[in-house]
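Worksheet: the structure to be examined is printed underneath.
The values are calculated or read from the model by the stated rules, or taken from the named source; none is laboratory data. Every value quoted in this text rests on a predicted model; they were computed, and no experiment measured them. Neighbour counts run over all protein chains shown; Cβ positions are idealised from the backbone, glycine included.
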Amino acid sequence: MALSCDAYRELAAIVGERYISSKQHILAGNRVKTPEIPFEYHSPDAILLPGSTEEVAAIVKVCNKYGISFIPFVSGVLPDAYANREGTVLIHLKRMNRILEINEEDRYAVIEPGVRHVQLYPEVRKRGLSYTAASVGPGGSVLANFTSTSGDHHTQYGTSRANRYLLSVEMVTPEGEILRTGSLPSGCGWFCPDGPGPGLRSIVRGYFGSHGQLGIITKAAIGLEACKGPAEYRTEGISPHHRVIFDSDLSRVYVFNYDNIQKVCDAMLALGEAEVCSTVQKYFYLPLTLLMTDSANDFWKKWTGGYKEAMSMPLVVHIAAQSLREREYEEKILFDVVRETGGVRLPEELENWWSEHMDFFMVVSRLQSVLRLGGGWMPLKLGADSVQHVCDVGQSIGEYIYEFTETGKIFDAPENYQIIPMEYGHFAHIELLFMWDRTNPAAMKGVGEFRARSRQEDLRRHFHAEDLGCLNPTMEELGPLYSNCHIWMRKIKESFDPNDVANPML
Ligand SMILES: Cc1cc2nc3c(=O)[nH]c(=O)nc-3n(C[C@H](O)[C@H](O)[C@H](O)COP(=O)(O)OP(=O)(O)OC[C@H]3O[C@@H](n4cnc5c(N)ncnc54)[C@H](O)[C@@H]3O)c2cc1C
């Protein structure tokens, strides 16, 4: 369905002809990039590039007037950022890309949606500060992650999830009203997420973010913290052969391998109880081997030449300390815990890779290597619960994944899941990453079958294993397992968005 002439004219009057397009080739280039994912996707009817909050609000009002769905968009790495039905426009926020303030004294930054990690992170680090960055890579929108798509990430063990650091925001509601939350409307600045009266923090960010379903965030303040470990780093080489090195005694990475997940769980809990280390996680061995290689051939040589066995269940630990004494103290506890739980330190050759790729612990800049095999890949589960609970989920994968790996439907890497404890082990996240051969029709069919099987197994066991996301078919299916939150979500959506135009997915 194309936009009516009247709707197009009104939208063009807001942003100017230069910043609107309904050309077919432009629209087709902005369809979802992963057609094998079994959802319905359409070209949008138009793409708009507003330059201010007022323009965003005016666009949203026109959308309500004509019943047009709208989706905010920055990097588009998530499928939810694309049109999933006819009669949809994309509101591309890349022009709104200013860092408005970095407040060193009160430790917060105020940003617009188009600001990427590659822009903000170095600025913050230069000032001896840092923030908890998603593992999406340098091109992801900082604001989208903190407000709208907050998941878990590699460095949350000693910090937390990104959206716990969200302060005041400015947003455009689904009906086009400009709203300011937290300390901002009282004239007290950006520093606090709640102000007088009922807080809107949970509505704005939810647990995983509302993916544009409750409006468009146009400015946000995020909390910063004192940088743990060195503020300076050295880089060598060019991407993807680059290295990022901390020349400092305050930072060390250790990697241990385990032979079963319960021992990993025990180690995570013991480290959390002692409140030591900056990053602790069980990483997935297939992407890890891919990250460590320079070509597809190199990958096969390493994967079949012992890497798979040596790193079958790797526990990656980064100590980032404020002093040498602190580092030594944390090391002592770490080695005691590993000895008691039966971990085996990785050979130097494998462990050293980490100290040369310290970007992993800041803003991961090598993720593209994971696509080196040219196949399809998809993350599953992505939920969170206690460390023991998610380790039980990990353990259960072994009971059904073999039906898919042994028939060649998915890559044979049964332990390819990561577990990341957060806030010193009070809870943890799990992600199962599976890959398949795009040229094999049986494998393409297997993608849907494996997703369905994984969910079925989790529901049967009442596992809190999946990321509920926003109001979509997954939420409807899993809601009963989470206190019927889908019913509450529906009520909130209906009251904020009576015309159901803000990124509807049901
Ligand atoms: C390889 C990979 C790794 C990832 N790792 C992590 C991770 O470790 N942790 C994590 O949390 N996430 C992760 N993600 C998910 C996601 O990419 C990030 O959350 C990212 O910050 C989203 O930014 P984006 O610019 O790509 O947003 P987009 O894909 O453009 O948008 C994402 C969603 O947010 C909505 N949205 C965007 N901007 C706004 C806005 N201003 N107001 C309201 N809604 C908005 C969009 O409509 C869409 O539904 C990963 C993704 C990939 C592909």
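Computed values, structure above
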| quantity | calculated |
| --- | --- |
| Single residue of N499, N503 found to be over 24 Å from the mean Cα position of the chain (by Cα) and more than 21 Å from D385 (Cα to Cα) | N499 |
| Odd one out for L288 among (1) in contact (Cβ under 8 Å) with a residue 60 or more places away in the chain; (2) surrounded by 15 or more Cβ atoms within 10 Å (Cβ to Cβ) | (1) |
| Elements of type helices (runs of 4 or more DSSP H) in the range 274-368, at least 2 residues being of a type outside the set (F, W, Y) and within 20 Å of A134 (Cα to Cα) | 285-291 |
| Residues within the range 66-89 that are hydrophobic (A, V, I, L, M, F, W, C), crowded, with 18+ Cβ neighbours inside 10 Å and under 21 Å from the mean Cα position of the chain (by Cα), tallied | 6 |
| Output for the range 279-288, where each listed residue is modelled with pLDDT of 95 or more and either in the same structural domain as H153 (by TED's automatic domain parsing) or in contact with a helix residue (DSSP H, G or I) (Cβ under 6 Å, 6 or more places away or on another chain) (or both) | T279, V280, K282 |
| Considering residues of the range 37-63 that are in contact with a Gly (Cβ under 6 Å, 6 or more places away or on another chain) and at pLDDT 95 or above only, the residue nearest to the ligand (Cβ to nearest atom) | V60 |
| Among (1) under 19 Å from E112 (Cα atoms); (2) surrounded by 21 or more Cβ atoms within 10 Å (Cβ to Cβ); (3) within 12 Å of the ligand (Cβ to nearest atom); (4) not aromatic (F, W, Y) - the single one Q156 does not satisfy | (1) |
| Residue, surrounded by the most Cβ atoms within 10 Å (Cβ to Cβ), within the range 111-145, restricted to residues that are within 17 Å of V172 (Cβ to Cβ) and more than 8 Å from the ligand (Cβ to nearest atom) | I111 |
| Cβ pairs under 6 Å, 6+ apart, first in the range 79-108 and small (G, A, S), second surrounded by fewer than 18 Cβ atoms within 10 Å (Cβ to Cβ) | A83/H42; G87/M1 |
| Members of the range 161-199 that are assigned to a loop (DSSP other than H, G, I, E, B), buried (at least 17 other Cβ atoms within 10 Å of the Cβ) and within 12 Å of the ligand (Cβ to nearest atom) | R161, P174 |
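Per-residue answers, yes or no, for (1) surrounded by 15 or more Cβ atoms within 10 Å (Cβ to Cβ); (2) at pLDDT 95 or above; (3) touching an Asp or Glu at 6+ places or on another chain (Cβ under 6 Å):
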| position | (1), (2), (3) |
| --- | --- |
| H318 | yes, yes, no |
| D336 | no, yes, no |
| E340 | no, yes, no |
| S369 | yes, no, no |
| G376 | yes, no, yes |
| V393 | yes, yes, no |
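To keep it simple, each residue is scored yes or no on (1) in contact with a strand residue (DSSP E or B) (Cβ under 6 Å, 6 or more places away or on another chain); (2) among the hydroxyl-bearing types (S, T, Y); (3) surrounded by 15 or more Cβ atoms within 10 Å (Cβ to Cβ).
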position	(1), (2), (3)
G16	no, no, no
K23	no, no, no
S43	no, yes, yes
L48	yes, no, yes
S52	no, yes, no
A57	yes, no, yes
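Every residue, every condition in (1) within 13 Å of A320 (Cα to Cα); (2) at pLDDT below 95, yes or no:
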{"residue": "C227", "(1), (2)": "yes, yes"}
{"residue": "A231", "(1), (2)": "yes, yes"}
{"residue": "H242", "(1), (2)": "no, yes"}
{"residue": "L269", "(1), (2)": "no, no"}
{"residue": "C277", "(1), (2)": "yes, no"}
